[in-house]
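Structure, as structure tokens:
The values are calculated or read from the model by the stated rules, or taken from the named source; none is laboratory data. Bear in mind the structure is a predicted one, so any value in this text is a computation, not a measurement. So basically every Cβ, Gly included, is an ideal-geometry build from the backbone, and we count neighbours across all protein chains shown. Side chains are part of the model used for accessible areas, which takes the heavy atoms of the whole protein and leaves out ligands, DNA and RNA. Shrake-Rupley method; radii C 1.70, N 1.55, O 1.52, S 1.80 Å.
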Amino acid sequence: MKAPAFAYARPASLGEVFTLLAQHGDGARLLAGGQSLLATLNLRLSAPDILIDITGLPGMAGITIEKDTLRIGALATHRELEHSHAISHHLPLLAQAVPHVAHIAIRNVGTFGGSIAMADPAAEYPAVCVALDAQFVIAGAKGERRVAAREFFKGMYETALRPGEVLVAGEFRIRPEGYRSAFIELARRHGDYAIVGLAAQANCSDGKYSDVSLAFLGAGGEPVLARATAAALEGKAFGADTIALAQAALAKELDPPADLYSSSATKLHLARVITGRALATLATLAAAT
Ligand code: FAD
């Protein structure tokens, strides 16, 4: 199938984007890498009047560090993230997640901001951003605002973005020494969206877990932060007993809805399995340094 006819604009500034969005309202769609949007057009799931190509906008690309904050521009491609030394060094959890995003051809053009704005419940970045307690920078005609990732994802394909707004960047606090991370995903084939996945980070000093973040993908309409399970792990020593305790806590906390391929019980079972693997990985990484 072919996309329905649409107009196309390639503004040179955010100001022009806001004007176009105000003019066209719900008939306009922002176009970044097009890897999700163009598929919905071709399948005629969406029929916008105009696509506003934001790929030429200044100040929305690149990966920069200022003091203890790493900033990823919305237009940074998946491939740029994959090859970024700053990300592999300072955000190893995100570095581990990127190769799970689709395939190289898609990663060459798909963008960080497009994935966040799309908010697919089985996508990798939203869960990583929730686990890392990232902030999103959002621009609108009246100025900029910041929204915590933990407040941003509102449900399946729903976010805190308001009409007329553009996601500009994600900001991540660089953690001090002692933190370890593990990203584990189960998918039918590598590069497919996850059946279930886990972005895990913890301070692993002195043979114990503390300040634990466990964010699941594919386990709800938005990334699911397992707060009670993380709290149960606080101050616990590495080992099989602690892993069993976390898996028991998760069974009480997580209630993943079934999807086309997996029942709720299957997803919960898989989530408990990858929780065990992630906690064991964190302990191994801590022991290796
Ligand atoms: P686009 O397709 O251009 O836009 C997507 C949506 O976001 C549109 O509604 C657009 O208006 C909006 N948007 C884009 N940028 C902004 C912005 N800065 N501010 C506000 N709104 C914005 N993704 C995964 O995470 N994991 C996968 O395993 C995966 N597998 C895939 C497999 C296939 C075969 C394909 C085609 C895609 C897959 N994707 C996967 C999606 C891919 O990661 C996309 O790159 C990403 O979801 C969207 O990024 P994009 O830049 O292409 O955005």
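Taking region 252-289 as the range and being hydroxyl-bearing (S, T, Y) and closer than 18 Å to L93 by Cα as the test, the residues that pass are T275, T281, T284, T289. The residue list A258, A265, A280, A251 contains one member that is closer than 16 Å to S181 by Cβ, surrounded by fewer than 17 Cβ atoms within 10 Å (Cβ to Cβ) and in the same structural domain as F216 (by TED's automatic domain parsing), which is A280.
Residues that are of a type in the set (K, R): list the strands (runs of 3 or more DSSP E) wholly contained in region 157-216 that include at least 1 such residues. Please lay out each step first, then the result.
On the way: elements: 166-173, 179-186, 196-203.
Output list reads 166-173, 179-186.
Which residue, of Y179, Y209, Y157, is among the hydroxyl-bearing types (S, T, Y), out of contact with any helix residue (DSSP H, G or I) (no Cβ under 8 Å at 6 or more places or on another chain) and closer than 26 Å to V98 by Cβ?
Among Y179, Y209, Y157, only Y179 is among the hydroxyl-bearing types (S, T, Y), out of contact with any helix residue (DSSP H, G or I) (no Cβ under 8 Å at 6 or more places or on another chain) and closer than 26 Å to V98 by Cβ.
Restricting the search to helices (runs of 4 or more DSSP H) fully inside region 88-138 and requiring at least 1 residues that are surrounded by fewer than 24 Cβ atoms within 10 Å (Cβ to Cβ) and more than 10 Å from the ligand (Cβ to nearest atom) gives 92-97, 104-107. Picking from residues in region 172-227 that are within 24 Å of A258 (Cα to Cα) and among the aromatic types (F, W, Y), the one that is most open to solvent (accessible area, probe 1.4 Å) is Y193. Annotation note: Cβ proximity below 9 Å between a residue of region 58-70 that is assigned to a loop (DSSP other than H, G, I, E, B) and a residue that is surrounded by 13 or more Cβ atoms within 10 Å (Cβ to Cβ) and of a type in the set (K, R) (sequence gap 6+ or interchain) occurs for G62/R71; D68/R173; D68/R175.
Residues in region 179-209 that are away from the ligand (no atom under 16 Å from the Cβ) and without any contact (Cβ under 8 Å) to a residue 40 or more places away in the chain: Y179, N203, D206, K208.
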